[in-house]
1. Please verify whether residue 112 is within 37 Å of the chain's Cα centre (by Cα), modelled with pLDDT of 90 or more and buried (at least 20 other Cβ atoms within 10 Å of the Cβ), treating the condition exactly as stated.
2. Looking at segment 395-418, I want the residues that are under 17 Å from residue 82 (Cα atoms) and have a partner that is part of a loop (DSSP other than H, G, I, E, B) and at pLDDT 90 or above with Cβ atoms under 6 Å, at least 6 apart or on another chain. Which pairs are those?
3. Within segment 150-169, track down each residue that is free of Cβ contacts under 8 Å to residues at least 40 places away in the same chain and open to solvent by less than 10 Å² (accessible area, probe 1.4 Å).
4. Within segment 173-197, how many residues turn out to be in contact (Cβ under 8 Å) with a residue 12 or more places away in the chain and more than 17 Å from residue 347 (Cβ to Cβ)?
5. Please indicate, with yes or no, whether at least one residue in segment 165-175 is among the aromatic types (Phe, Trp, Tyr), part of a loop (DSSP other than H, G, I, E, B) and within 22 Å of residue 148 (Cβ to Cβ).
6. Would you tally the residues in segment 350-398 being polar (S, T, N, Q), surrounded by 11 or more Cβ atoms within 10 Å (Cβ to Cβ), modelled with pLDDT of 60 or more and not in a helix (DSSP H, G or I)?
7. Can you tell me which residue among 416, 402 is at pLDDT below 90 and in contact with a Lys or Arg (Cβ under 9 Å, 6 or more places away or on another chain)?
8. Here is a check on your reading of the model: is residue 253 touching a Cys at 6+ places or on another chain (Cβ under 7 Å) and surrounded by fewer than 24 Cβ atoms within 10 Å (Cβ to Cβ)?
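The values are calculated or read from the model by the stated rules, or taken from the named source; none is laboratory data. Note that the structure is a prediction, hence the values are computed from the model and not measured. For neighbour counting, all protein chains shown are included, and Cβ atoms are generated from backbone atoms with ideal geometry for every residue, glycine included. These accessible areas exclude ligands, DNA and RNA; they are computed on the full protein's heavy atoms, side chains included. Shrake-Rupley method; radii C 1.70, N 1.55, O 1.52, S 1.80 Å.
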Amino acid sequence: MELRARGWWLLCAAAALVACVRGDPASKSRSCAEVRQIYGAKGFSLSDVPQAEISGEHLRICPQGYTCCTSEMEENLANRSRAELETALRDSSRALQTMLATQLRGFDDHFQRLLNDSERALQDAFPGAFGELYTQNARAFRDLYAELRLYYRGANLHLEETLAEFWARLLERLFRQLHPQLLLPEDYLDCLGKQAEALRPFGEAPRELRLRATRAFVAARSFVQGLGVAGDVVRKVAQVPLGAECSRAVMKLVYCAHCLGVPGARPCPDYCRNVLKGCLANQADLDAEWRNLLDSMVLITDKFWGPSGVERVVGGVHVWLAEAVNTLQDNRDALTAKVIQGCGSPKVNPQGAGPEERQRRGKAVLPEQPPAGGALEKLVSEAKAQLRDVQDFWISLPGTLCSEKMALSTASDDRCWNGVAKGRYLPEVMGDGLANQINNPEVEVDITKPDMTIRQQIMQLKIMTNRLRSAYNGNDVDFQDASDDGSGSGSGDGCLDDTCSRKAGKKSSSARTPLTHALPGLSEREGQKTSAAGCPQPLAFLLLLLLSLALAVAGPRWR
């Protein structure tokens with residue numbers, strides 16, 4: 001009787017071990033029911049889901065244990081996990097694009113308003129002050145403001161030449177109007193133009209406007225265009241598709257726990273970071289040039305203030321124009337004498353009226369408009385704060401997505417999903433950027449093949465940064481649209497430093513053993529024995545145990 005009881009106890013123990021390895025049927029049904037719920041919620045057919053766990057030899061991504069997922073389910077969930085990550089990336093990028101676009105509109109509206117207010121002030125004051133001197137030349141003034149707008153908007157204009165041409169045309173027209181009694185042929189006006197620099201008919205106003213406007217307008221437009229280029233880079237990078245290896249890694253991160261019957265296990269934080277650092281390795285390489293661009297944009301806002309600042313100059317163009325016309329009228333007689341001395345006496349126009357009959361002397365007194373510094377100061381303050389907040393956008397993206405989109409585990413280290421089972425995640429977190437992914441344990445990354453779209457965007461950031469630095473120094477630069485710049489493709493073979501000589505010689509993640517994520521301090525054999533449920537794994541061990549039990553039960557009969 002004692003021997004029989006002993007045999008039953010051993011057989012029950014063996015059955016318990018079998019149940020531990022194979023799993024209790026009821027728990028399997030519950031696990032697969034949860035998978036059915038998740039799978040159906042994703043819009044897939046529930047007919048694909050088995051009622052209970054099946055052998056997992058068919059799995060190509062998830063560990064090949066007993067599973068609730070068929071091959072078709074694994075493929076569908078892999079595609080869905082990639083789509084979900086791409087959506088999360090676009091959402092994060094869209095928020096950044098929205099911020100940059102909002103800043104761009106705010107500054108653009110402000111700068112355009114300054115110029116519009118200046119032109120409106122001119123149109124209000126000049127007719128009454130200068131009479132026909134203005135009304136007959138109103139188009140020249142309108143054209144000047146139109147060219148200033150084009151220059152600000154990034155047209156390929158040279159501002160100094162534009163201003164010089166304006167003053168030359170204006171001098172010819174006004175000199176004729178001031179002397180209707182004289183015949184002034186083209187050759188005489190050419191002579192007048194050649195002497196203009198020495199005569200300085202408009203006083204210091206042209207020189208002051210040229211020096212200040214060049215610095216102010218180039219600072220304003222470089223800042224606004226920097227916002228535009230930054231937003232364009234974010235938009236284009238957000239469209240870069242994720243690779244096949246990333247898709248596999250994200251599937252294992254997000255859905256393999258459900259397939260293996262442990263749907264309650266959430267990803268380990270460091271495991272998630274390694275997956276996304278591998279997936280977004282190329283994006284992280286934007287970091288250095290992205291920071292340089294934003295730093296340069298913050299720096300150039302210093303040029304918005306002071307006597308030569310954007311606020312004062314762009315909003316005060318009409319003041320220099322009024323000063324110039326006033327000076328010409330005040331010094332008309334002295335100017336005429338000098339012109340006659342240099343170019344000779346022109347013939348008298350017998351049909352021309354005298355200057356006093358045709359031309360009323362007037363003087364525009366335009367107090368410089370007080371700058372609306374409060375509005376610009378608020379814009380700059382907000383922009384500086386927001387640009388500094390997004391300086392680390394590209395390298396913080398993996399951590400941000402893991403924290404906000406991946407439902408990371410909040411349990412203890414040994415209760416999270418590590419890609420194989422519930423357990424601690426042992427590998428170290430990789431560094432940022434492509435070169436640092438050579439030993440990434442989760443994503444197979446070929447560091448010798450950088451994404452060319454992202455390399456081109458890195459080049460665009462460099463180009464824009466150089467332009468901002470030139471603008472900070474007051475230098476006029478060619479502001480053709482950076483997104484159309486041919487040098488954007490000048491990234492060579494896409495390799496940085498010595499990364500092309502390095503090889504991604506690491507093991508495939510599929511060749512990894514459970515020990516990789518086992519509890520620390522265990523040998524390989526011990527690590528294999530401590531899987532998700534704490535059951536012995538090797539089938540050979542179970543068979544040996546069953547054989548020993550059978551011999552133990554049959555043993556007394558041989559005596």
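1. The answer is no for residue 112.
2. That search, which allows pairs on different chains as well, returns 397/280; 398/280.
3. 166
4. 6
5. Looking through segment 165-175, none of the residues is among the aromatic types (Phe, Trp, Tyr), part of a loop (DSSP other than H, G, I, E, B) and within 22 Å of residue 148 (Cβ to Cβ).
6. Here the count works out to 1.
7. Values: 402 fails: at pLDDT below 90.
Result: 416 is the single residue among 416, 402 that is at pLDDT below 90 and in contact with a Lys or Arg (Cβ under 9 Å, 6 or more places away or on another chain).
8. It is false that residue 253 is touching a Cys at 6+ places or on another chain (Cβ under 7 Å) and surrounded by fewer than 24 Cβ atoms within 10 Å (Cβ to Cβ).
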